[in-house]
1. Enumerate the pairs (first residue in region 279-307 and touching a residue at least 40 places away in the same chain (Cβ under 8 Å); second residue anywhere and among the charged types (D, E, K, R)) with beta-carbon separation below 6 Å, excluding pairs fewer than 6 apart on the same chain, so at least 6 apart or on different chains.
2. Is it true that Ser136 is surrounded by fewer than 21 Cβ atoms within 10 Å (Cβ to Cβ) and in a strand (DSSP E or B)?
3. Considering Gln200, Gln178, which residue is more than 16 Å from the ligand (Cβ to nearest atom), buried (at least 24 other Cβ atoms within 10 Å of the Cβ) and in the same structural domain as Ser232 (by TED's automatic domain parsing)?
4. Is there any pair with a first residue in region 87-112 that is farther than 29 Å from Ala73 by Cβ and a second that is within 15 Å of the ligand (Cβ to nearest atom) and of a type outside the set (Asp, Glu) whose Cβ atoms are under 8 Å apart and which are 6 or more apart or on different chains, and what are they?
5. Which of the residues that make up region 255-297 are farther than 22 Å from Asp389 by Cβ, within 20 Å of the chain's Cα centre (by Cα) and not polar (S, T, N, Q)?
6. Among the candidates Leu87, Leu167, which residue alone is within 13 Å of the ligand (Cβ to nearest atom), of a type outside the set (Phe, Trp, Tyr), farther than 27 Å from Pro355 by Cα and within 16 Å of the chain's Cα centre (by Cα)?
7. Any idea how many residues of region 156-185 are touching a Cys at 6+ places or on another chain (Cβ under 9 Å) and assigned to a strand (DSSP E or B)?
8. Only one residue in Pro62, Pro128 is more than 16 Å from the ligand (Cβ to nearest atom) and either hydroxyl-bearing (Ser, Thr, Tyr) or free of Cβ contacts under 8 Å to residues at least 40 places away in the same chain (or both), so which one is that?
Amino acid sequence: MARIQKHIATICAEAGKHTEAPNVHTEPIYATSAYLFEDADDAMRKLSDKRLGYVYSRWANPTVDQAAEKIAALEGFEAGTLTFAQLFSSGMAAIASVMLATCKAGDKILTQTQLYGTTDELMQSLLPEYAIETRSTDMTDLSKVAEILHADHRIKLIYLETPSNPLIQLVDIRAIVQLAAKYHIKVAVDNTFCTPLVQQPLAMGADFSIHSTTKFLNGHGTALGGVVVGRSRRFMQEHIWRQVKLLGGNSNAFDAWLLLQGMKTLSLRMERHVQNATKVAAYLEQHPNVKQVYYAGSKNHPQYKLAKKQMKNGGAMLSFELKGGLNAGKRLMNRVQICKLVTSLGTLDTLVQHPASMTHVNVPAERRLASGITDGLVRMSVGVEDVRDIIYDLEQGLK
Ligand SMILES: Cc1ncc(COP(=O)(O)O)c(C=O)c1O
């Protein structure tokens, strides 16, 4: 039979096949820490460090592999080459593994000024203790990036997050990949805000696409997880898998199974998330108490042209700045009923957070303001509820 060329929504929805129990429909949970060897030769072969077969669940587990394979297929959908995914216990474990796999003592990472706070902290405070330094710059200024790469040959990794958390700033992935290629520098993109349904970094030439699967990929807020997807089987095996084996940041069968089930509705969820986010952004843009809305799908976004070029739509993440500053932000947090006060994102329900009174409460105001996180900034992960209820909730909260 000819092989059917599947659409991306089909890859999301379908259940994975299992060679050991080919007639099970929904994937089983392989809750085992270790695996039997047939005999001494089998043990010798599997312990040869080449990740052949199953030995021990820190190395590999069938349920974890099934979730990884689905993500590899989704992230590689437009890449036109084989892609390989490694699952981790969290997004941070995945991010750290890429940095440790590409840089050694004396090397440098080049990144943007605005990033998810913990990623920034990892680069600014932990990695320097192991002599891996990070240089941050405005990645939208391509001539500046070219200048830095030309001058600094210690840079081994460019780390991007686009759109950025929380101000939805975009970086031109294709342009950065082109600059990096000249110096054989690897490019990693945190694709958590987008999902492969909205953005395909590997198809644009990036070496790695990374996710906190805790967010949209799982979609239900039931398990932490992270993933690295790459195009080189060899690099993924020799360097990324090695990190899991030696540092133990592996995922587990139950979390991977929750992720697998969550991903089956990813395409369906993203459609509704994006529809709702588009309407919520339009509503906020005309609200008299809102100073500024940051949404990649809005024509008013300063990088709308770039968003059109590298994203399928604006995604489901947005932020907005209230005219009333800190008090207005706190008042909104205290009044919303449908929107939930949660610092995570990507779940079915709408989540809001006010950095000045929540995630950034311990960051000195000066530093927070310097990175654009104003007193009245609110971040929103728009959910799949009836959008009329989300807007009504905002309306009564913003009064
Ligand atoms: C964009 C982004 N990347 C990475 C992470 C880290 O993921 P995790 O919390 O799963 O370690 C987060 C978490 O909020 C995030 O928002």
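1. If the second residue must be among the charged types (D, E, K, R), the pairs left are Asn289/Lys323; Lys291/Glu321; Lys291/Lys323; Leu306/Asp172.
2. Details: surrounded by fewer than 21 Cβ atoms within 10 Å (Cβ to Cβ): yes; in a strand (DSSP E or B): yes.
Answer is yes for this residue.
3. Values: Gln178 fails: buried (at least 24 other Cβ atoms within 10 Å of the Cβ).
Every option except Gln200 fails the conditions.
4. Leu110/Tyr159
5. Taking region 255-297 as the starting set, the residues that turn out to be farther than 22 Å from Asp389 by Cβ are 255-264, 266-267, 291-292, 294, 296.
Next cut, within 20 Å of the chain's Cα centre (by Cα) only: 255-264, 266-267, 294, 296.
Correct list: Asp255, Ala256, Trp257, Leu258, Leu259, Leu260, Gly262, Met263, Lys264, Leu266, Tyr294, Ala296.
6. Details: Leu167 fails: farther than 27 Å from Pro355 by Cα.
Just a single option satisfies the conditions, and that option is Leu87.
7. Taking region 156-185 as the starting set, the residues that turn out to be touching a Cys at 6+ places or on another chain (Cβ under 9 Å) are 156-157, 162-163.
Now drop any that are not assigned to a strand (DSSP E or B), which leaves 156-157.
Selection size over region 156-185: 2.
8. On the way: Pro62 fails: either hydroxyl-bearing (Ser, Thr, Tyr) or free of Cβ contacts under 8 Å to residues at least 40 places away in the same chain (or both).
Going through Pro62, Pro128 in turn, just one is more than 16 Å from the ligand (Cβ to nearest atom) and either hydroxyl-bearing (Ser, Thr, Tyr) or free of Cβ contacts under 8 Å to residues at least 40 places away in the same chain (or both): Pro128.
The values are calculated or read from the model by the stated rules, or taken from the named source; none is laboratory data. Treat the numbers as computed from the prediction; the structure is a model and nothing was measured. We place every Cβ from the backbone using ideal geometry, glycine too, and count neighbours over all the protein chains shown.
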